[in-house]
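Okay, structure first, notes after.
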Amino acid sequence: KNRITTETVELLIALAEATFGIGRDVQDLFYLHLSSGVGGGLVLDGRLYHGATTTAGEIGHAVVGPIDPQHPQGPPHTLEQHLSIQGLLTRAAELGMQTDLLSDVFGTSAIGQQVVSEAVDLLAARLSQIVALIDPQIIVVGGIVARTGGDAWLRQLSASLQAALPPTLVHDVPVKASTFNHDSVAIGGLALALSSLQE
């Protein structure tokens, strides 16, 4: 019961960002984590949202659609299969780039740029659905994939998200880099303790 799961980690990071980080001035935040896995966490009305089975925000386990744009002949992959570290490296290999380095994928090669562009389009489409569903004030993105992509990648993602929003929902939804790195879970734990004291 006390084991920290990946779901717990992402929730704690979301709370850290909402309490002390880039989202400290907002009430509704979606945190997206892109690393060896893909997941997320929700802070709604200033409080962590767990969902009925404590898996709210686990966007990585959702399939990308009834037809996978990268593999239209097979069963659709999950967002995690596309956007995790291994997912990006696998896609690069499918296109002819053999590398174990995420930095190569985010480099200047034509294959790397295609992989990144495909990833951005997939992610923007899913984030537009998040915007439609929960209307967050801010989307915070963290994890090694986001850190490797850097500011240029976040700007690309933000622009693609705005383009993916239907006309009835078009408004500024900031997409920002996570404030914290390796200490984010500890900071989230502190935020959770403070939150418990206030209840």
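Against the longest principal axis of the chain, how steep is helix 6-19, in degrees 0 to 90 to the nearest 10, with axes from Cα atoms?
60 degrees
Between ALA93 and HIS171, what length in nm is gained on full extension when 0.36 nm per residue of separation is reduced by their alpha carbon distance? Could you put the intermediate results ahead of the total?
Numbers: separation 78, 0.36 × 78 = 28.08 nm, distance 3.68 nm.
Additional length available on full extension: 24.4 nm.
Can you tell me the FRET efficiency between ASP151 and SER195 if r is taken as the Cβ-Cβ distance and R0 is 30 Å, rounded to the nearest 0.05?
Values: r = 31 Å, r/R0 = 1.02.
Rounded to the nearest 0.05, the efficiency is 0.45.
What does DSSP give for the chain in terms of the percent of beta bridges that are antiparallel, rounded to the nearest 5?
On the way: 10 of 18 bridges.
The antiparallel fraction comes to roughly 55 percent.
Taking θ as phi - 60°, what are the ³J(HN,Hα) couplings along segment 172-186 by the Karplus curve (6.51, -1.76, 1.60), each to the nearest whole Hz, with x for Gly and Pro?
Per residue, the Karplus-derived 3J(HN,Hα) values read 6, 10, x, 10, 10, 6, 4, 6, 9, 10, 5, 8, 5, 5, 4 Hz.
Of the accessible area of segment 92-199, with the probe set at 1.4 angstrom, what percent is carbon plus sulfur? Could you put the intermediate results ahead of the total?
Numbers: 3110 of 5590 Å².
The C+S portion of the solvent-accessible surface of segment 92-199 is 56 percent.
For every helix of n ≥ 4 consecutive DSSP H residues, a contribution of -39,500 (n - 2.57) applies; sum these over the chain, divide by its total residues, and give [θ] at 222 nm rounded to the nearest 500 deg cm²/dmol.
After summing the helix terms and dividing by the residues of the chain, the value is -15000 deg cm²/dmol.
Report relative contact order for segment 67-118 in percent, whole number only (criteria: Cα-Cα under 8 Å, sequence separation at least 6). Can you show the working numbers first?
On the way: 41 pairs, mean separation 11.4, N = 52.
RCO, segment 67-118: 22 percent.
Could you tell me the relative contact order of the chain? Use alpha-carbon pairs under 8 Å, at least six residues apart, and round to a whole percent. Walk me through the numbers before you get to the answer.
Values: 320 pairs, mean separation 49.8, N = 199.
Contact order relative to length: 25 percent.
Before I look further, what does the chain give for accessible area per residue, probe 1.4 Å, in whole square angstrom? Could you put the intermediate results ahead of the total?
Numbers: 10160 Å² over 199 residues.
With the other protein chains kept in place, the chain gives 51 Å² per residue.
Tell me, what % of the accessible area of segment 4-89 is carbon and sulfur with a 1.4 angstrom probe? Provide the component values of the computation, followed by the final result.
Numbers: 2200 of 3900 Å².
Reported share for carbon and sulfur atoms: 56 percent.
What residues of segment 26-69 lie in the reach of a label at ASN181, counting those whose backbone N is under 18 Å from a point 7 Å from the Cα along Cα→Cβ?
What the label zone holds, given the 18 Å backbone N cut-off, is 33-36.
Angle check, please: helix 85-94 long axis (alpha carbons) against the longest principal axis of the chain (alpha carbons), in degrees 0 to 90, nearest 10.
10 degrees
In whole percent, what relative contact order does segment 127-199 give with Cα contacts below 8 Å and a gap of six or more residues?
On the way: 46 pairs, mean separation 28.9, N = 73.
After rounding, I find 40 percent.
Could you order peptides 145-151, 78-84 by the average number of other Cβ atoms within 10 Å of their residues, highest first? Before the final figure, lay out each step's value.
Values: 145-151: 17.4, 78-84: 22.4.
For the peptides 145-151, 78-84, the packing ranking is 78-84, 145-151.
The values are calculated or read from the model by the stated rules, or taken from the named source; none is laboratory data. Remember, predicted model here, so these are calculated numbers, not experimental data. Cβ coordinates were reconstructed from backbone atoms using ideal geometry, including for glycine residues, and neighbour counts include every protein chain displayed. For accessibility, only protein heavy atoms count, side chains too; no ligands or nucleic acids. Shrake-Rupley method; radii C 1.70, N 1.55, O 1.52, S 1.80 Å.
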